[in-house]
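Quick note: the coordinates plus some simple rules give every number you see, no bench work behind them. Bear in mind that the values here come from a model prediction, so they are computed numbers and not experimental data. Glycine gets a Cβ as well: all are built from the backbone with ideal geometry, and neighbour counts include every protein chain shown.
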């Protein structure tokens, strides 16, 4: 390994020592885990919190826990905790359902807030569920979906003008890690009287998203990536305060009712973000997520972002030195980069397998992407250098030609 | 206590000894738990299964568990296990989302399977989320909802005739425990070319529902009542094999795609019941439910039904002897009774609180219902007699006039 890079890793780790929070996680020994953008690592305290939910809250206290253990209010309480990490003041985020279901609510509700308008813009390279759900929502709401590259969105928004309902984009591209311009697209949408919706799956916990600051209207995101909520952790929905009274979402379930226990025959939406709820919340997962968010205690989004940029920036430095000819798919400018570095390789899937054999866990994305996510809280610059060294070795020795292929691994 | 009833309890418990499965549960000592129709008790083995999911599958194995621990296939695997308990052959039930969300899918998909027809029938006394969701689905699908009492449904279905899309009913009334005629309503719907949808929240695990046998088309239900899946356990959706190719549900998410990892730009529904999936499944809750279903190992639905009827029948006997003037809201005929006995009292809420103070846990439902659910697997006839004795004492001594009111307890 390059002594210069080793020194540089040591220096950067010393400089960022205040945000080295690996002790807050239970990672398997010896692994460099670069897949926290698919499934975040297990935070300390989560297993104990879940055991308490199962044994005491459920097993012993039974239905009394709906009140005594705060089950009923968990969606808004956890929503507020999530909101802090994406720049949303309390009362605007609810933890509920999946990202897909929440996006469906957002798109249909947007159509109802902008009657007479017909067009939704979204990114042709979105994570596919965003495309499918946007199409599905457009179908019931009578909208037309235009797939417009985010780099062209501002211009296209101006052209569509007062026929635009919604600009619905991911803040970070799930494949390349490119960070799109949430403030500019949001401003452009507002300039024509339309709304913006942001998918924060690859942003929450690693970016200084600033939903309130930038005037975002709607947002969705998942709890199981950088937020470390566990497999299939419930997702979240953000609706800006100013829109909540008009937020008329299509999944009118009893948990979103103004008086759920009155058992009234007709739906009256609850005031505030509670109307984003639908059915009984998935409490095991939600309370695991709540416990997981303690890993972010005392960490401001800007601090997580700073550490994330330092890690990804240093990884790019390492690649430049160790594997200079490798094609990097992620923008080099910090302002255009999320918290991942993706590289392209014709044998990308096998490269990922060979890295896993060396205890460097990343993932593959179609068609040729080796995707490496850098969760700021539990990775160090020393890990980053180690990962880059293994990547160099895999490529230099062509280990991908003899990698044991595991069954195809998964998830977003 | 009446010696005759004590003898009778002993005799019934001896007769039904083969289905006394209380050892499969972890109930708090001394409690007679009659609220398993709100939140089922904690089955043995669930805490250990959840701890394994958290520590080993998530914490140590991380993303590899999507394949190695069977996470990806959990919704259909758990769906099949649920299906066995409601009379559905494998491949027709998927465990996913909440009951509310699944009902929305079912109603919109029904409209798409019966284009040109406009009317949905549902019960004015349904659990409210069914009313809200049916209205919400009708709104996007261009349908008209008629609220028709289930006892009048067969006649009204014939009148509506070929304008009927769907008869959507609960198999058991959540308040009174009355069991409706699923076979007759289903036949009537089919006679006019329409579909039937059944909410099994208060049926699954206690009735011999027989979805396939009776030709039901669609069904939904939750995992946290008699199925004991834990707070907010994921729900299920049944679509009969013969309808699956045409089941075009509105929440087109990537988990329901034919090739989810191809990241294709357009939605192509998966074959079979998988198309009922939407987003990433809530695995903590789903795997807890899977472990909970082991409590039903070796128990046929008919056996659970037989024990349930014996328990509720004996409770009615006890009431007749001990509190003969109490108004019973639940039908006395076994064929018209689910697995609960509800009684009416002007101070119903206080009566429930006074019972809880005596470690007999039931719940209150508006306006005047004391609702007592009899989960067959973990209750004995001795428990039933004990509960009836406490109820007599509460009423005789007017304990409800001095019951300490807890904050209002909840959930369905």
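Sorted from greatest to least, the principal axis extents spanned by the alpha carbons of segment A:100-197 come out as 35, 28, 17 Å.
Note on residue A:191 and residue B:246: with the Förster distance fixed at 35 Å, the Cβ-Cβ geometry gives a FRET efficiency of about 0.20. By other beta-carbon atoms within 10 Å, ranking B:133, A:351 with the fewest at the front produces A:351, B:133. Peptide A:64-72 has a mean of 4 when you count, residue by residue, the C-beta atoms of other protein chains within 10 Å of its C-beta. What separates the residue A:265 label point from its copies, with the point 7 Å along Cα to Cβ, is 5.0 nm, written shortest first.
Would you mind telling me which residue in A:138, A:235, A:17 has the biggest mean-square fluctuation in a Gaussian network model of chain A, where springs connect alpha carbons within a distance under 10 angstrom? Result for chain A, Cα springs under 10 Å: A:17 fluctuates most. A label point on residue A:112, set 7 Å along the Cα-to-Cβ line, lies at 2.0 nm from each of its counterparts in the other copies, closest listed first.
What separates the Cα centres of segment B:250-309 and segment A:208-253 is a distance of 25 Å.
Summary of the geometry: segment A:102-138 and segment B:1-68, compared by the centres of their Cα atoms, lie 43 Å apart. Counting neighbouring Cβ atoms within 10 Å and putting the fewest first, the residues A:98, A:2, A:342 line up as A:2, A:342, A:98.
For chain B, rounded, prolate or oblate, judged on the Cα gyration tensor with a ≥ b ≥ c (square roots of eigenvalues), a/c < 1.5 rounded, else prolate if a/b > b/c? Please list the in-between numbers first.
Values: a/c = 2.02, a/b = 1.35, b/c = 1.50.
Oblate is the answer for chain B, as a/c is 1.5 or above yet b/c matches or exceeds a/b.
With contributions of -39500 (n - 2.57) from each DSSP H run of at least four residues, the per-residue ellipticity at 222 nm computed over chain B stands at -11000 deg cm²/dmol.
Each copy carries residue B:11; placing its label point 7 Å along the C-beta direction from Cα gives inter-copy distances of 9.1 nm, listed from smallest up. Computed from Cα atoms, the angle from the helix A:381-396 axis to the main principal axis of chain A rounds to 60 degrees. When each of A:337, B:156, B:26 is scored by the number of other beta-carbon atoms lying within 10 Å, the sequence from fewest to most is B:156, B:26, A:337. Shape class for segment B:1-130: oblate, because the ratio a/c of the largest to smallest gyration tensor axis (alpha-carbon atoms, square roots of eigenvalues) is 1.5 or more and b/c is at least a/b. Here the label points at residue B:366 and residue B:382, each 7 Å from Cα along the C-beta direction, are separated by 4.0 nm in the simple model.
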